[in-house]
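The values are calculated or read from the model by the stated rules, or taken from the named source; none is laboratory data. Since the structure is predicted, the reported quantities are computational estimates derived from the model, not experimental observations. Here the Cβ is made from the backbone with ideal geometry for all residues, glycine too, and neighbour counts use every protein chain on show.
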Amino acid sequence: MKKAKLIEQKTKEEEKKVENKFSIKKLIISILVIVIVLVAFYFLTDFIVKKQKDSQDTESTETVDVRKTNDIDYSSVSKMVAKNYFLLFDKADDESNSQYDVLINSFKQGGFPYEFYYIDLSKDSHKELLADKSELKDLNNIKVKDTTLVVVSDGEISETYEGSEAILTYLISYFTTTDTSDSNSDSNSNSNSNSNSDSNANTESNSNK
């Protein structure tokens, strides 16, 4: 009897040891699976973020092209043939630079008739344009203290906007108004053509009588 009990106890102890080993092994496998999933999730997230960043960089590069193609020296203003255009005296540290680029790029793509020119104030040749007080009356003798948009009409300064807030507000409101007036003129021309056709029809009916 005693031997049988001892054998039974040993068997139970061995079974417990096997169960413990199996539990530990199962726990290790579970931990490894969780670690692998987390690592895979991290790399997947990192890949997606990099892809989005590359896409944004590509878009901003395309937008900034308008800045490169329309960059001029201030000395060119006196030789300008066009009478109506916009000059953006642009500071490199202006946080709204990308917004100007997006707006101007969209205007150019929309077929806006007047040109936008960038005058980069970070150039050595333009540092003399920076001053403590703005002077915006004479087109050939301009001084600015901040990013400034100058509207030139008939070869003369007609409007000026200083600072990012004033410039963005003007650009958005001006071109929204322009789009609206264009659509209204289209609708008016359509209505006029319709009324003319109606009057012609009435004239023809009267002559037939």
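Yes/no per residue for (1) surrounded by 10 or more Cβ atoms within 10 Å (Cβ to Cβ); (2) at pLDDT 80 or above; (3) within 30 Å of Phe116 (Cβ to Cβ):
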| residue | (1), (2), (3) |
| --- | --- |
| Lys26 | yes, yes, no |
| Val33 | yes, yes, no |
| Val39 | yes, yes, no |
| Val49 | yes, no, no |
| Glu62 | yes, no, yes |
Going through the stretch 106-121 in order, the residues found to be within 18 Å of the chain's Cα centre (by Cα) and surrounded by fewer than 18 Cβ atoms within 10 Å (Cβ to Cβ) are Ser106, Lys108, Gln109, Gly110
Name the residues in the stretch 85-99 that are within 17 Å of Leu136 (Cβ to Cβ) and either assigned to a loop (DSSP other than H, G, I, E, B) or among the β-branched types (Val, Ile, Thr) (or both), would you?
Lys91
Name the residue that is surrounded by the most Cβ atoms within 10 Å (Cβ to Cβ), counting only residues in the stretch 122-162 that are of a type in the set (S, T, N, Q) and assigned to a loop (DSSP other than H, G, I, E, B).
Thr147
Could we say that Asn140 is assigned by TED's automatic domain parsing to the domain that holds Met80, modelled with pLDDT under 95, of a type outside the set (A, V, I, L, M) and under 19 Å from Asp73 (Cα atoms) here?
yes
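Listed here are the residues, each with its yes/no results for (1) farther than 19 Å from Tyr174 by Cβ; (2) free of Cβ contacts under 8 Å to residues at least 12 places away in the same chain; (3) of a type outside the set (Asp, Glu).
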| position | (1), (2), (3) |
| --- | --- |
| Phe86 | no, no, yes |
| Gln99 | no, no, yes |
| Ser106 | no, yes, yes |
| Gln109 | no, yes, yes |
| Glu115 | no, no, no |
| Lys127 | yes, yes, yes |
Criterion first (in a strand (DSSP E or B), in contact with a Phe, Trp or Tyr (Cβ under 7 Å, 6 or more places away or on another chain), in the same structural domain as Ser98 (by TED's automatic domain parsing) and hydroxyl-bearing (Ser, Thr, Tyr)) does Tyr117 satisfy it?
yes
Within the stretch 148-188, considering residues that are at pLDDT 95 or above and touching a helix residue (DSSP H, G or I) at 6+ places or on another chain (Cβ under 6 Å), the one farthest from Leu88 (Cα to Cα)
Tyr161
